[in-house]
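Colleague: Quick one: structure below, then a few questions.
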Amino acid sequence: MPNRGKKQRKNKRTPGESIKILISGPRIQRRIQALAKQIRRDFPDEPLHLVSVLKGGVFFLTDLARSISGEVSFDFIAVSSYGQDTRSSGQVRLTRDLDSSIEGRTVIVVEDILDTGMTLQYLLKLFQQRKPKHLRVAVLLDKPDRRIAPVHADYVGFSIPNEFVVGYGLDYSERYRNLPYVGVLSLDSKLAKKAAKK
Ligand code: PRP
């Protein structure tokens, strides 16, 4: 019998790009179920307000929201960084604010990835000023090796090595967000040189 699993592991995509599955779709879904239970255990009687950061966090938010029992609402915020590699200089700015107040609410910030931590550091400071009852952070992926800001996530799906990952919300030039799994993107040497110049 042909080994379909192996074949599927390295999928050719746009010419010069290939993706190797790091975390399969079913594994992501199982982990989200467990996180949802853990969150509900921590706040058994509270309405939970999930706040996701556009765009990458959207897939995680919708799956998590559907897995948490009881009352759940959600909202979105968007940020961007100034120019190239500015996360490391901390220059994050708000481009879309929340629709509703978070004062007195139990808020879970939902992110696809915690990388340098600059985005969450900025958001947590902002949200703290708005006086939520509780403020917690849930991230699907954590890349501890890349951390610059001392940000801690209360709920972590998977801790991953410092690789360029795409899928399940994470993009490369806006592509691959819709993959149901998380994969490591490889560029052929020509493309890699071009991307490094950008
Ligand atoms: C990604 C991710 C986080 C942020 C984490 O967003 O969704 O918001 O980077 O990185 P940090 O820990 O280094 O701050 P991105 O800027 O890629 O935007 P996107 O979600 O629209 O893809």
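The values are calculated or read from the model by the stated rules, or taken from the named source; none is laboratory data. For clarity, every value in this text was computed on a predicted model and none was experimentally measured. Don't worry about glycine lacking a Cβ; one is built from the backbone with ideal geometry, like all the others, and counts go over all protein chains shown. Side chains are part of the model used for accessible areas, which takes the heavy atoms of the whole protein and leaves out ligands, DNA and RNA. Shrake-Rupley method; radii C 1.70, N 1.55, O 1.52, S 1.80 Å.
Colleague: Sticking with the crude label model, points 7 Å out along Cα→Cβ, report the distance from S186 to L54 in nm, one decimal please.
Modeller: Simple spin-label model gives 3.6 nm for this pair.
Colleague: Okay, moving on. For the pair E103 and I148, how long in nm is the line joining their label points, each one 7 Å along Cα→Cβ?
Modeller: 3.4
Colleague: Given a 1.4 Å probe and the protein chains all in place, what does the accessible area of E103 round to, in Å² to the nearest 10?
Modeller: Number for this one is 120 Å².
Colleague: Same structure, new question: Tell me, what ³J(HN,Hα) does each residue in region 51-66 have, in order and in whole Hz, if you take phi through Karplus 6.51 cos²θ - 1.76 cosθ + 1.60 with θ = phi - 60° and put x for Gly and Pro?
Modeller: Per-residue couplings from phi come out as 10, 10, 9, 5, 9, x, x, 5, 5, 5, 4, 5, 5, 5, 4, 6 Hz.
Colleague: Which far-off residues, 5 or more places away or on another chain, put their amide H under 5 Å from the one on Y168, with H placed in the peptide plane?
Modeller: L179, Y181
Colleague: Taking the Cα centre as origin and putting +1 on Lys and Arg beta-carbons and -1 on Asp and Glu beta-carbons, what dipole magnitude results for region 106-198, to the nearest 20 debye?
Modeller: The dipole of region 106-198 has a size of about 400 debye.
Colleague: Around P132, under 10 Å between beta carbons, what's the net of Lys plus Arg minus Asp minus Glu among the other residues?
Modeller: Surrounding charge for P132 is +4.
Colleague: Any chance you could run the full-extension gain for Q91 through S24? It's 0.36 nm times the residue separation minus the Cα-Cα distance, nm to one decimal.
Modeller: The Q91-S24 span can extend by a further 20.8 nm.
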